[in-house]
Structure formats: C-alpha cells, structure tokens
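To keep things clear, I will list the structure first and then write my remarks on it.
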Amino acid sequence: MNAPALAPAAAFSALMDSHRSVRSYKPDPLPEGLVDRVLAQALQGTSSSGNLNLVSVVKTQDPARKERLFELHGEQPMVREAPLVLSFCADSFRTREWLARRGARPGFADLVSWHTAAFDAMILAQTAALAFESHGLGICYMGTTLFAMRGLADFLELPDNVLPVTSLVVGWPADAPPQRDRLPAAAWIHDERYQRPGGDDIDRHFAERERRGRARYMESSPEMAALWTEHGIGSLAQFYTSPIKYCPDLFAGFSADIEALLTERGWRRPPV
Ligand SMILES: Cc1cc2nc3c(=O)[nH]c(=O)nc-3n(C[C@H](O)[C@H](O)[C@H](O)COP(=O)(O)O)c2cc1C
C-alpha cells in the first residue's frame, strides 16, 4: 500500500529536511523529458523581476563536453559523474535583441540589470534544485562557476550580456550524505532591527559549527589535519580564510576578473 499523501506544507517541509548536497552519482540516465519539464515549471513557479525572465539555462549531457566542464569546475569529480550539468545564466541578450527589433530604446546593460538577471538566475536554480530533489534526484551547486566565468562563457558560446552565475550537477545519488548543520536561528533572524552580536553571542552561535567542523576536517581526515599543521591553522575560522580554503588574495583576483568581464561582455554600457 502507498504511504498516505502529505499535505503540501508537510510535503515541502519533508523535502527541505531531506536536502543534502550530493557529491557522488550513479551513471544512470535521467528520465526522458524530465529535465525540460522541471526547468519549464521552475521558471513558471519562480518570481521573476519585472517578469523579464532575464535567464537562460544551458544543459550539458554529452560526456566529452562534460569533460571540459570538469576541467573548468576545478576537476570536481561530480561534474564527470553526474549525467547532467546545468549552467544558469544571467541573460539580457535576448531581451535586448527584442527591444532592437521593435525599435525600442536599448537597455538592461548596466549593473542593476546584471544584479537583477543574476539573482533571477539564482532563485530559478534553487527552485529547480528543489524540484529535482522532489523526484529523488541529487543536486550540488558549483560555486566554481564564478571563478570559471570567462572559460564557461566561451565554452558555452554565450553572447554579450549572457554570463553564467551558478551551475547544478544533477543525477541519481550514489550515497546518502548526513545532514549538514546551519547557524542557529538566533544568529541570523532579527526582530524589527538588527541585533548586533557581542563576543559571547559569537562564541555561542559558532560553537556547534566549530565542534562539527573540527570533527569533519581534522579528526576524520589525516591529510587535512597535516595541512592544518603545515599552514599553522589553529581553528575553523582560521581555516576559512587560509590559503587552503577561501583565500582573500585569490578572491581579490577572481573579483577583478569578474569586474573586467562584466565590462567586456556588455553589462556596464552607458545609457543610449
Ligand atoms: C552557490 C553555491 C555554490 C556551491 N559550490 C559548491 C562547490 O563548488 N562544490 C561543492 O562541493 N559544494 C558546493 N556547494 C554546496 C555547499 O557546500 C553546501 O550547500 C553546504 O556545505 C551545505 O551542505 P548541504 O547543501 O548538504 O546542506 C555550493 C552551494 C552553493 C549555494
């Protein structure tokens, strides 16, 4: 007998509870037509700034092309393993072409439009992620999209005013990762006005994260423990901005690349 259907709120709550980023995939293909159906429904089911739909999604399933994405995404194995990689793009090219064909004043080629399009692409990605998860599929975001923006734009043949902002790998999970912690509600939900945390609040809010992080990185991985010692890292906080995690110098370089790319690819045009 089938389990009784859950009411929508309970079903959505269960879906969120079951979220894990999946980093190991079976080679099995995805059901025919499911991807396009999920994406079309995700766009319909996601708010869209001005209803401009300033987004595009490029599907990559060809193993040879996925191999190039694997390189561009820092050789994260799941890009190779998962049958599908989705590159979510901020896109005002199509809209600008439409404006031109109708003799309208050109627009949507400035920083505000970039922001609008990029955030529309991100929220679309998250709706699609939940939808894929509702079918029992696994997903993982690829933050490397930002670092490889130029290479991805060239490889995916994106015209001006189209840049990738995030990617999802999608496939059938080959493992069942444990749930990852989040900061407690008291750390980030504020009543009426921002409640600036004091030192004791910071200690309390990060205590569990520090305990779990240390267990995950140090106690379960001798290689990582050796790297912490090599780099003189004594805490999870020090790890985060060390050269082996989110190094501020590297981020400064990537930030400069992205700024230059936005100008090159048409997102900083003066009004015409
Ligand atoms: C924008 C974004 C980029 C991410 N990039 C990566 C990535 O490049 N590689 C990876 O393994 N996980 C990536 N993740 C997944 C996060 O590491 C993961 O969501 C976080 O550790 C919490 O784990 P959970 O999703 O299993 O709850 C990314 C997540 C987001 C939202």
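The values are calculated or read from the model by the stated rules, or taken from the named source; none is laboratory data. Just so it is clear, the structure is predicted and the values come from calculations on it, not from any experiment. Glycine gets a Cβ as well: all are built from the backbone with ideal geometry, and neighbour counts include every protein chain shown. Side chains are part of the model used for accessible areas, which takes the heavy atoms of the whole protein and leaves out ligands, DNA and RNA. Shrake-Rupley method; radii C 1.70, N 1.55, O 1.52, S 1.80 Å.
What number comes out for accessible area per residue over the chain if the probe is 1.4 Å? Units Å², please.
Accessible area per residue, the chain: 60 Å².
To the nearest Å, what is the center-to-center distance of the range 86-145 and the range 172-187, using C-alpha atoms only?
The range 86-145 and the range 172-187 have Cα centres separated by 26 Å.
Rg (Å, one decimal) plus Dmax (Å, integer) for the alpha carbons of the range 185-240?
Reported Rg and Dmax, both Å: 14.6, 46.
Accessible area of the range 185-240 with a 1.4 Å probe: how many percent of it is carbon plus sulfur?
Carbon-and-sulfur percentage of accessible area, whole number: 53.
What dipole magnitude, in Debye to the nearest 20, does the range 150-272 give about its Cα centre under +1 on Lys/Arg Cβ and -1 on Asp/Glu Cβ?
That gives a dipole near 200 debye.
So how strong a dipole does the chain carry about its Cα centre when Lys and Arg Cβ are +1 and Asp and Glu Cβ are -1, to the nearest 20 debye?
540 debye
If each DSSP helix of 4+ residues adds -39,500 (n - 2.57) and the sum is divided by the residues in the chain, what number results at 222 nm, nearest 500 deg cm²/dmol?
-14000 deg cm²/dmol
Could you order 221, 49 so the one with the most accessible surface comes first? Probe is 1.4 Å.
From most exposed to least exposed: 49, 221.
Pull up all non-local amide H partners of residue 140: gap of 5 or more, or a different chain, and H-to-H distance under 5 Å with H placed in the peptide plane.
22, 169
Sorted by accessible area with a 1.4 angstrom probe, largest first, how do 201, 17, 28 fall?
So the residues, ranked largest to smallest area, are 17, 28, 201.
Quick one: divide the alpha-carbon radius of gyration of the chain by 2.2 N^0.38 Å and tell me what you get.
Normalised Rg, Cα atoms only: 1.14.
How high is the relative contact order of the range 137-242? Use alpha-carbon pairs under 8 Å, at least six apart in sequence, and give a whole percent.
Relative contact order, the range 137-242: 20 percent.
Roughly how many debye, to the nearest 20, is the charge dipole of the range 185-240 about its Cα centre, given +1 on each Lys and Arg Cβ, -1 on each Asp and Glu Cβ, and no other charges?
So the dipole magnitude of the range 185-240 works out to roughly 80 debye.
Could you give the Stokes-Einstein D for the range 69-197 in µm² per second, using the C-alpha Kirkwood radius, 20 °C, 1.002 mPa s?
Stokes-Einstein gives a translational diffusion coefficient of 125 µm²/s.
May I ask for the longest run of the chain untouched by trypsin sites (Lys or Arg not before Pro) that are loop-located per DSSP and have at most 11 neighbouring C-beta atoms (other than their own) within 10 Å?
Formally, the longest exposed-site-free interval is 1-101.
For the chain, modelled as a Gaussian network with Cα springs under 10 Å, which listed residue fluctuates most, 203, 181, 36?
Taking springs between Cα atoms under 10 Å, the residue moving most is 203.
Could you derive backbone 3J(HN,Hα) for the range 197-206 from the dihedral phi with the Karplus parameters 6.51, -1.76 and 1.60 (θ = phi - 60°), listing whole Hz in sequence and x where the residue is Gly or Pro?
x, x, x, 5, 5, 4, 4, 5, 5, 9
Heads up, I need the accessible area for residue 189: 1.4 angstrom probe, whole protein in place, Å², nearest 10.
Near enough 100 Å² of accessible area.
If you look at just the Cα atoms of the range 103-154, how large are its Rg and its Dmax in Å?
When restricted to the Cα atoms of the range 103-154, Rg and Dmax are 14.9, 47 Å.
Report, largest value first, the span of the C-alpha coordinates of the range 198-272 along each principal axis, in whole Å.
Projected onto its principal axes, the Cα set of the range 198-272 covers 57, 33, 18 Å.
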